[in-house]
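Notes follow the structure.
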């Protein structure tokens, strides 16, 4: 029972973590809560359904399931990254030197726009993601683990590892951290801050797209409103871990998934969505900057 | 080499620089002295492209760089050590230096530059794995200078390198500035420590509320009665 809930929690938590990374990376660099980020995740889920449907209709799915699945993910990531890039260019970049409230309002605007855009073009009813793997799986330590869960947990953790290596080892990744710490200084050493910001949005949106497809597969249903609640939860996860901190978002997402899953089975599933926020309140009372949050100190 | 003509720069609604003409020749050390709020840092930030002048022209090696973006100005060979050092606190010493070489492509160059910086400041070599924010003030200043040298600049802008440092470290920093200049890097130095700065510099400008009020060689300014009274405490 416990092990089962841990597996369920890790599955949902991995997805939360992937979305939370987008929030935290953008916040780390722009101090902007990108309210449109949940919508990018929703777009990812829709694109998953649309692309997969397309590959099925042209017969690729029956030819090779793995290939059509890989293509669905790759193209969805590409589209969502383009969306993220464009949103930043249109809605945030012109407001770079405006008071902090302005880009926040702009973000809410983008979020409302994307929701309605999807509702108008895709309809207000639920869309169904084809059940590919069914409930196929295996039993381990008394728990039933589906292959889909293994896939989701595996992909989430691999992507998190890849992101970690990217920001710690590559030149662009280090530049992202430098920009997050001091934008003026970053340009004084020759970093093109605007392109680093673009890359941040591209990566964050790509991760959200993968999360969107995986959730669509897991729950089987998608509607234009899923970005809202997932966005709020992932944002909570980011704040829980310490907004701006990449390990914090990873930890926060997984922690939140576990809390939800354990709370739903041991306390009551009625309040499943409330546990996340209850935990957030408790943690912020004890550690206002979040678990991995840093209070910056200056040295003279 | 570097020429500022009629530069007016606003810092928010305030006109911090009100029509400055400055020239720095190849291989020179030139200093800007003046009290707080005289417009020294604003001048350096205008040269680096962080602040845009409302009017006037900045040119470097004959090329107009007034509207060139900050990262491209670094690429042209102007590197700045800003006021307060601005070390990336959560990057290691090594990563800070790597960021300094961001505009330089090629690992070979990176290696030789690193060796040079570690030769200049051996303590940075010992602490290469430490986070920038954990260094002492003096070490941070060395790291800031080292980082600025990593791009192989033709010209170094230094903003108050002696601020808040113990006298013995200040001496060391000034010796290093001389060494850097001897190696062929032109230096524009902003200092409140006017005495040390003027002694080191070939020429100097005195800034007062956004204008150049006096200029001359370092020796002339050291002997100037007004400068003595206002900035040298004599």
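Picking from residues in the stretch B:209-228 that are farther than 24 Å from residue B:17 by Cβ and exposed (fewer than 14 other Cβ atoms within 10 Å of the Cβ), the one that is nearest to the chain's Cα centre (by Cα) is B:223. Take the residues in the stretch B:154-177 that are more than 10 Å from chain A (Cβ to nearest Cβ) and either touching a residue at least 60 places away in the same chain (Cβ under 8 Å) or at positive phi (or both), then tell me which one is farthest from the chain's Cα centre (by Cα). It comes out as B:154. Residue-level analysis places residue A:110 outside the set of residues that are away from chain B (no Cβ under 14 Å), surrounded by fewer than 20 Cβ atoms within 10 Å (Cβ to Cβ) and within 19 Å of the chain's Cα centre (by Cα). Per this entry, residue B:116 is counted among residues that are in contact with a helix residue (DSSP H, G or I) (Cβ under 9 Å, 6 or more places away or on another chain) and either more than 24 Å from residue B:167 (Cβ to Cβ) or within 8 Å of chain A (Cβ to nearest Cβ) (or both).
State whether one or more residues within the stretch A:190-208 are over 21 Å from residue A:22 (Cα atoms), part of a helix (DSSP H, G or I) and under 21 Å from the mean Cα position of the chain (by Cα). The answer is no, given that none of the residues of the stretch A:190-208 is over 21 Å from residue A:22 (Cα atoms), part of a helix (DSSP H, G or I) and under 21 Å from the mean Cα position of the chain (by Cα).
Given the condition free of Cβ contacts under 8 Å to residues at least 40 places away in the same chain, more than 30 Å from residue B:133 (Cβ to Cβ) and out of contact with any strand residue (DSSP E or B) (no Cβ under 6 Å at 6 or more places or on another chain), answer yes or no: does some residue in the stretch A:280-287 qualify? Within the stretch A:280-287, one or more residues are free of Cβ contacts under 8 Å to residues at least 40 places away in the same chain, more than 30 Å from residue B:133 (Cβ to Cβ) and out of contact with any strand residue (DSSP E or B) (no Cβ under 6 Å at 6 or more places or on another chain). Of the listed requirements (1) within 12 Å of chain A (Cβ to nearest Cβ); (2) assigned to a helix (DSSP H, G or I), residue B:142 misses just one: (1). Residues that are at the interface with chain B (Cβ under 8 Å from one of its Cβ atoms) and in a loop (DSSP other than H, G, I, E, B) within the stretch A:163-189 comprise A:182, A:189, listed in sequence order. Is it true that residue B:95 is away from chain A (no Cβ under 11 Å) and either buried (at least 16 other Cβ atoms within 10 Å of the Cβ) or out of contact with any helix residue (DSSP H, G or I) (no Cβ under 6 Å at 6 or more places or on another chain) (or both)? So residue B:95 fails the test.
Please pick out the residue among B:133, B:125 that is part of a helix (DSSP H, G or I) and away from every other protein chain (no Cβ under 13 Å).
Just one listed residue meets the conditions, B:125.
Of all residues in the stretch A:275-300, those satisfying the criterion of being over 11 Å from residue A:239 (Cα atoms), at pLDDT below 80 and surrounded by 14 or more Cβ atoms within 10 Å (Cβ to Cβ) are A:294, A:299.
Listed residues A:152, A:145; which is within 16 Å of residue A:10 (Cα to Cα), at pLDDT below 95, away from chain B (no Cβ under 14 Å) and not in a helix (DSSP H, G or I)?
A:145 is the lone residue from the list that is within 16 Å of residue A:10 (Cα to Cα), at pLDDT below 95, away from chain B (no Cβ under 14 Å) and not in a helix (DSSP H, G or I).
Quick check on my filter: what residues within the stretch B:46-65 are more than 11 Å from chain A (Cβ to nearest Cβ), in contact (Cβ under 8 Å) with a residue 12 or more places away in the chain and either surrounded by fewer than 17 Cβ atoms within 10 Å (Cβ to Cβ) or at positive phi (or both)? Once the filter is applied, which keeps residues that are more than 11 Å from chain A (Cβ to nearest Cβ), in contact (Cβ under 8 Å) with a residue 12 or more places away in the chain and either surrounded by fewer than 17 Cβ atoms within 10 Å (Cβ to Cβ) or at positive phi (or both), the stretch B:46-65 yields B:52, B:54, B:55, B:56, B:57, B:59, B:61, B:63. Show me the helices (runs of 4 or more DSSP H) found entirely inside the stretch A:29-125 where at least 2 residues are within 29 Å of residue A:191 (Cβ to Cβ). Output list reads A:37-57, A:65-87, A:101-122.
Here are A:197, A:243: which of them is at pLDDT 85 or above, closer than 30 Å to residue B:140 by Cα and away from chain B (no Cβ under 14 Å)?
Residue meeting the stated conditions: A:243.
The residues of the stretch B:98-111 that are within 10 Å of chain A (Cβ to nearest Cβ) and part of a loop (DSSP other than H, G, I, E, B), listed by number, are B:101, B:102, B:103, B:104, B:105. When residue A:264 is tested against (1) part of a helix (DSSP H, G or I); (2) under 15 Å from residue A:20 (Cβ atoms); (3) away from chain B (no Cβ under 14 Å), only condition (2) is not met.
Give the residue that is farthest from the other protein chains (Cβ to nearest Cβ), with candidates limited to residues of the stretch B:71-92 that are in a helix (DSSP H, G or I) and surrounded by 23 or more Cβ atoms within 10 Å (Cβ to Cβ). So the residue we want is B:73.
The values are calculated or read from the model by the stated rules, or taken from the named source; none is laboratory data. Model, not experiment: these values are computed from the prediction. Neighbour counts are summed over all protein chains in view; Cβ atoms, including those assigned to glycine, are modelled from backbone coordinates with ideal geometry.
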